[in-house]
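What follows is one structure encoded as structure tokens, with my remarks underneath.
FYI, it's all coordinate maths here, none of it is from the lab. The structure presented is a predicted model; accordingly, all values stated were derived computationally and were not measured. In this analysis, Cβ positions are derived from the backbone assuming ideal geometry, glycine residues included, and neighbour counts consider all displayed protein chains.
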């Protein structure tokens with residue numbers, strides 16, 4: 001499929017794509033060996049294009065690109081070929097979380113900055129979200145997001161050591177609470193995750209095991225969410241991420257629709273049952 005003008009095959013995921021012409025797309029790829037790469041997929045919008053069913057988010061791909069340096073003299077490389085590399089689809093219920101992963105990578109990584117460890121964590125996170133179709137619950141989904149946030153922060157050099165207090169370098173007390181502060185690092189806080197949890201997270205990060213990191217996050221995913229979210233927002237220089245804002249809007253719409261449906265059902269029952277006769281008692 002690839003030609004002599006192509007690079008060696010790359011493991012990749014589609015992060016984002018947009019129209020380039022009437023028939024082509026610009027695609028932002030996350031590759032294991034070259035980091036984020038922007039390519040043109042010529043003819044990808046045509047009904048007969050081989051790219052059309054492949055260039056979708058959250059599916060592992062093997063891709064071949066045109067030779068040359070991406071973005072050299074403002075040029076973007078062409079996508080020569082792509083093949084599906086297996087994997088399960090992410091179910092609809094987990095799509096918002098999956099798009100959140102993509103937004104973190106798009107906002108956090110510069111182009112042509114390889115992070116093989118983060119790529120592997122991304123692949124594992126997408127696979128974990130896809131497992132939601134097999135019965136994984138909200139706790140597993142939350143743990144997946146927290147584990148990926150930790151991997152992102154560590155890979156980009158934004159995460160302090162998690163087995164000592166940042167200011168004093170003192171070891172953490174296992175039963176004491178701690179939190180991450182953008183301006184002070186890891187510091188004591190009564191309501192934060194325990195010192196034992198932070199130490200276990202540091203060990204999982206050092207080992208490079210996403211599965212172990214995810215399992216450690218699972219017990220305190222709710223407590224980890226605020227400090228990790230604040231640290232991510234601080235370094236990405238934003239107070240809101242698009243996927244989180246959209247998720248909140250979807251939840252509000254769903255709650256409103258449920259309330260409307262409940263009121264309509266009650267009204268229908270009342271009309272079907274007719275007026276209630278007054279009691280003689």
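Between residue 188 and residue 111, what is the FRET efficiency for a Förster distance of 30 Å, r being their Cβ-Cβ separation, to the nearest 0.05? After rounding to 0.05, the efficiency reads 0.15. Taking the square roots of 5 times each eigenvalue of the Cα gyration tensor of the stretch 110-199, largest first, gives ellipsoid semi-axes of 27, 19, 9 Å.
For a paramagnetic label modelled on residue 18 (point 7 Å from Cα along Cα→Cβ), amide N atoms under 18 Å away belong, within the stretch 46-61, to 56-57. For the stretch 170-243, dividing the convex hull volume of the Cα atoms by the residue count gives 111 Å³ per residue.
Take 47-60, 23-36 and order them by the average number of nearby Cβ atoms within 10 Å per residue, most first; the result is 23-36, 47-60.
Shape class of the stretch 32-190 from the alpha-carbon gyration tensor: oblate, with a/c at 1.5 or above and b/c at least as large as a/b. Remark: spin-label model distance residue 240-residue 50 equals 4.4 nm, labels positioned 7 Å along the Cα→Cβ axis. Residue order for 238, 216, 62, 179, fewest other beta carbons within 10 angstrom first, comes to 238, 62, 179, 216.
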